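The values are calculated or read from the model by the stated rules, or taken from the named source; none is laboratory data. This one's a predicted model, so the numbers in the text were calculated from it and none came from an experiment. Every residue, glycine as well, gets a Cβ built from its backbone with ideal geometry; the counts of neighbours run over all protein chains shown. Accessible surface areas use protein heavy atoms only, side chains included; no ligands, DNA or RNA. Shrake-Rupley method; radii C 1.70, N 1.55, O 1.52, S 1.80 Å.
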Amino acid sequence: MEYNFQEIEAKWQKIWRDSKVYKTEIDLQKSKYYVLDMFPYPSGAGLHVGHPLGYIASDIYSRYKRQKGFNVLHPMGYDAFGLPAEQYAIQTGQQPAVTTEQNVKRYREQLDKIGFAFDWDREFRTCDPDYYKWTQWTFIQIFNSYYCRKCDKARPIAELVEAFAKSGTEGLDVAQTEPMDFTAEEWNAASEKEQQEILMNYRLAYLADTWVNWCPKLGTVLANDEVVNGLSVRGGFPVERKLMKQWILRVSAYAERLLEGLDRVEWTDSLKEIQRNWIGRSEGAAVWFPLAKQEASDWKDIYMGQYDGPHHETAFEIFTTRPDTIYGVTFMVLCPEHEMIDAITTPEHKAEVEAYVTWAKNRSERERQAEVKKVSGVFTGAFAVNPITDEQIPIWVSDYVLSDYGTGAIMAVPAHDSRDFAFARHFNLPVRQVVAPSLEEVSDPDTWKESLDSKTGVCVNSGFITGMTVKEGGKAMIERIKTLGVGYGTVNYRLRDAIFSRQRYWGEPFPIYYKDGMPYAIPEEELPVTLPYVDEFKPTETGEPPLARAQNWTYKGFPMEYNTMPGFAGSSGYYLRYMDPHNAEQYFSKEANDYWQNVDLYVGGAEHATGHLIYSRFWNKFLFDMGLCCKDEPFQKLINQGMIQGRSNFVYRVVGTNQYVSLGLKDQYETTPIHVDVNIVHNDVLDLEAFKQWMPEFADAEFILEDGKYICGWEVEKMSKSKYNVQNPDDLVEKYGADTLRMYEMFLGPVEMSKPWDTNGIEGVFRFVKKFWRLYHNAEGEWIVSDEEPTRAEFKTLHKTIKKIEDDNEKFSFNTAVSAFMICANELAEAKCNKRKILEPLCVLISAYAPHVAEELWAELGHTDSVVNASFPAYDDSYMQENDFTYPVSFNGKMRLKMTFPVTYGLQEIEPILMADAGVQKWLDGKTPKKIIVVPKRIINIVL
RNA sequence: GCGGAUGUGGCGUAAUGGUAGCCGCGCCAGACUUAGGAUCUGGUGGCGAGAGCCGUGGGGGUUCGAGUCCCCCCAUCCGCACCA
């Protein structure tokens, strides 16, 4: 009987499941190793071949680590809350809980067929109340915390309340929304509601009016990472800016630690770089530009002279990374949302400014981004004072200044900033050069075509910093600003706080109720707050989120929060729950966390770089500050599996006919390419009969063939149903078996690399698995393993393979490992080696890749325990040693001869033999070599 | 515009600075077959009859020796993008 993968795979999958071989428990005798995949969102479409790529890689590694003696935690679950289930619910009226359950079931079936070593006893879904209880619990902890900059960590808000009661805001150094200033007396005199409002300014989860990305089509706000080019990532709908009251996580408080932590994790440089850019640290200065009186000369009347906080009635705080260019400031620009615009605009400019601000605020994100190069703006009629030069400068409003970065106000230095330059040219504002490559190279900026943005050079026309380099000038300027009391050196981050409210149904409800208009946390012992039943998932008539439809959505008579949490809430701390998934009293026990610590290897897509992977790190750092988890970074090593693109096939219809012309001949006709289902194409050859039956319109198709075959064209595209290029793993498992699929997915290329899915090569891997099987079974399927002692050459084949597989596993180089198995099988087949002593260790090696075949052979070898519990075989170097070695001998790097020497010979012994050789003499041609280079076991080079 | 990565046969890919193209697909030839989308054997970068010569996007450099290291250019992909 031939290799029957269907029978073997079904048999072992059942045994693994029944006997729970992959169940993991804390074992203090063993070192732990935690391997995690980014858990999937169970969509209605099921898994496609791209999903398992990362899972297979992590599965191989966790099986390998287990055989290396580690206690490996390798769990799986589902990120089950989210938009698609709800969209589907809106369309069909089905409860998301029901469709999610169906999808999860389908996913599980598909995953099981691939033979993963997951500990399914630890499975949970983010929509399980037992799990989201802890998402809610963590939210309450965040809500009840503030960020202390002095100790550089989150602290209970109660400490802050105590401090306020004792000394107000004096000496406070904390993360906050707006700077605040009050005394202990003022605090103590404040009402409960007023105190709660003040605390909102400091909480790590706070409620505030904010400009949000509002997606009308989805009916919800979106986080920055959920919007690309003004369109929602889910669905691709336009996104508008809207001022709304939202829950926000003060992620920005952790900006510096999120940045610093990157130096301590083993992620790819490109991913770290993406996060660094997203965090966007810039060093510079905050400078205070006081408002001038309308009458030009006596601005000093209102000039504060002392930096003492943002008194927006009298001055503007700006942020600049170029304090060295402050002498070149010729105007200021405020963002259209700036709260001072109304107050400063002069009557004669009022109408114009209002019109502009209204226009700018109502533009959609997409319009704004599409027209980035278009300069627009308006003069307010007001002037500010440059605190260094005492000059008056006009204040403009323009949407090229963003409200949510820095202070929403800038000092414009048109000579040295391209955006300011474009603005100055458009509105004919002065341009003043203050930086030049050298003191001699000063020119007339009126003749410039573009600004000089370079951060190297020297300061010119710049008072006391003239002649200094840009770097020195900047430092000196910050000192001066400090001395004058008009600013300070500071750091700004691009990273924004994360909006945490979604106007959706299918998410975690907030454990929050409202009393007197202020939010309060529901007591922890009453968690979870379970998602209530609603019969419709659309917003209400009044525009309230769907939870407003729920009956009795109140707590002790007080209204509850209508928003739900965003998708990233449930995925931010799920890896911690896997450590102790059934704990009813705690998120996870200290014992479990002390043992499992954090994820050693995390495998997932790079598309989460600025979303999940930031939020998770924030979440983890917060819990670390609370003393709940022992590691401050959640994911020690991270591998980004590449995306699997689709490989579409095409047929070419001759225009106006039902004739289809093969790829090689299509240039002779006028044709239209038509997508054809990749499942009826094999190695780019079309199955003509299947094509005719595929769709009625092709039933009487005629073909123009080349060499009797119809060759299809192909192209790499996104995998999608409409392109008929979706490869479903089930079909491949059905046809070739899970072991072949697993090895083929690895064989495609390095895990990290994006590549098109191409089934053309799968036959090769299938042949290998069959060949491997046949080494130990005859045509009748009988076991033909011999107990004969292997030869030295056979041992060499084995140990070469052990070494290679071990190295490749450690390097996550699974594609080359598969090649190594093939080479090994080829060598054994050639030697007709079917010996037990070779097969036994080989079985262990290959079990990580092809677990079903390995398990079957392992059992046939007489083992009663699963091969996952076997030890990784030891490598024996002694079989590698050769008796002699053939060196290529080259002259000046050109290879000319091959000579054989015993391996044990050193250079001293080789040299005389070498020089006496007739062939060498010929090439030396009487010359004395300058140098002889021997690279052990590789090459001899004679330098003439 | 800024940042990151990648360029090797017809294709996917492989090469601690040391004989470039391992392994697989495809293709060619052969064997066994009633048959082959089964299995096995051999061949397969280009040029050349041959010895040999030329070949890792292009151009320089370091080195006895470069796909690999350094500099410049070109192309493709990805991320960010009015972030002051």
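Taking a quarter of the surface of the Cα convex hull of the stretch A:168-254 gives a mean projected area of 6.9 nm². 3J(HN,Hα) along the stretch A:243-256: 8, 9, 7, 9, 6, 9, 9, 7, 4, 4, 4, 9, 3, 5 Hz, from the Karplus curve 6.51 cos²θ - 1.76 cosθ + 1.60 with θ = phi - 60°, whole Hz, x for Gly and Pro.
A simple packing score, the average count of other Cβ atoms within 10 Å per residue, orders the peptides A:599-606, A:671-678 as A:599-606, A:671-678, with the highest score first. For the peptides A:734-743, A:162-171, A:458-467, the ranking by mean Cβ contacts within 10 Å, running from highest to lowest, is A:734-743, A:458-467, A:162-171. Backbone phi angles across the stretch A:608-621, fed through the Karplus curve with coefficients 6.51, -1.76 and 1.60 (θ = phi - 60°), yield HN-Hα couplings of 8, 4, 9, x, 2, 6, 7, 4, 4, 5, 4, 4, 5, 5 Hz in residue order; Gly and Pro are listed as x. Protein heavy-atom surface of chain A, 1.4 angstrom probe: 50% of the accessible area is carbon and sulfur, with nucleic acids and ligands not counted. Amide hydrogen proximity for A:Arg241: with H placed 1.01 Å from N in the peptide plane, the residues at 5 or more positions away or on another chain lying under 5 Å are A:Trp214, A:Glu365. In order along the stretch A:823-835, phi translates into HN-Hα couplings of 4, 4, 5, 4, 5, 5, 5, 4, 7, 6, 8, 10, 8 Hz, rounded to whole numbers, per the Karplus curve 6.51 cos²θ - 1.76 cosθ + 1.60 with θ = phi - 60° and x for Gly and Pro.
The simple spin-label model puts a point 7 Å past each Cα toward its Cβ; for A:Thr900 and A:Ala351 those points are separated by 10.2 nm. For A:Phe319, neighbours were defined as the other residues whose beta-carbon sits under 12 Å from its Cβ, and their charges (Lys and Arg +1, Asp and Glu -1) total 0. Using the Kirkwood radius over Cα pairs, work out the Stokes-Einstein diffusion coefficient for the stretch A:732-824 at 37 °C and 0.692 mPa s, in µm²/s as a whole number. D = 222 µm²/s. Between the stretch A:807-829 and the stretch A:371-393, how far is it from one alpha carbon centroid to the other, in angstrom? One Cα centre to the other: 66 Å.
The slack between A:Asp121 and A:Glu440, meaning 0.36 nm per residue of separation minus the straight C-alpha distance, is 107.4 nm. Which entries of A:Lys350/A:Lys373; A:Lys272/A:Lys621; A:Lys272/A:Lys471; A:Lys23/A:Lys811; A:Lys692/A:Lys755 have Cα-Cα distances beyond 20 Å here? Violating the 20 Å Cα-Cα cut-off are A:Lys350/A:Lys373; A:Lys272/A:Lys471; A:Lys23/A:Lys811; A:Lys692/A:Lys755.
Any idea what diffusion coefficient chain A gets from Stokes-Einstein, in µm²/s, Kirkwood Rh on alpha carbon pairs, 10 °C, 1.306 mPa s?
Reported coefficient: 48 µm²/s.
Relative contact order, whole percent, for chain A stands at 13, derived from Cα pairs under 8 Å and 6 or more residues apart. A full extension of the chain between A:Glu266 and A:Gln586 corresponds to an added length of 112.2 nm, given 0.36 nm per residue minus the alpha carbon distance. With protein chains left intact and a 1.4 Å probe, residues in the stretch A:437-588 average 48 Å² of accessible area per residue.
From most to least packed by mean Cβ count within 10 Å, the peptides A:872-879, A:828-835 give A:828-835, A:872-879. Calculated FRET efficiency, A:Phe558 to A:Glu25, Cβ-Cβ distance, R0 = 56 Å: about 0.80 to the nearest 0.05. Spin-label model, A:Thr540/A:Trp359: points 7 Å from Cα along the beta carbon direction are separated by 3.9 nm. Amide H to amide H distances under 5 Å link A:Ser786 with A:Asn834, A:Lys835, A:Arg836, where only residues 5 or more positions off or on other chains count and H is placed in the peptide plane.
The separation of the stretch A:711-780 from the stretch A:874-944, counted between C-alpha centres, amounts to 44 Å.
For the residue pairs A:Lys14/A:Lys837; A:Lys113/A:Lys800; A:Lys455/A:Lys475; A:Lys14/A:Lys771, the C-alpha atoms sit more than 20 angstrom apart in A:Lys14/A:Lys837; A:Lys113/A:Lys800; A:Lys14/A:Lys771. Take the Cα of A:Phe464, step 7 Å toward its Cβ, do the same at A:Asp884, and the gap between the two points is 8.4 nm. In straight-distance terms, cross-link reach from A:Lys804 covers every one of the aspartates and glutamates whose alpha-carbon lies under 13 Å from its own, apart from those fewer than eight places away in the same chain; here that gives A:Asp876, A:Asp877.
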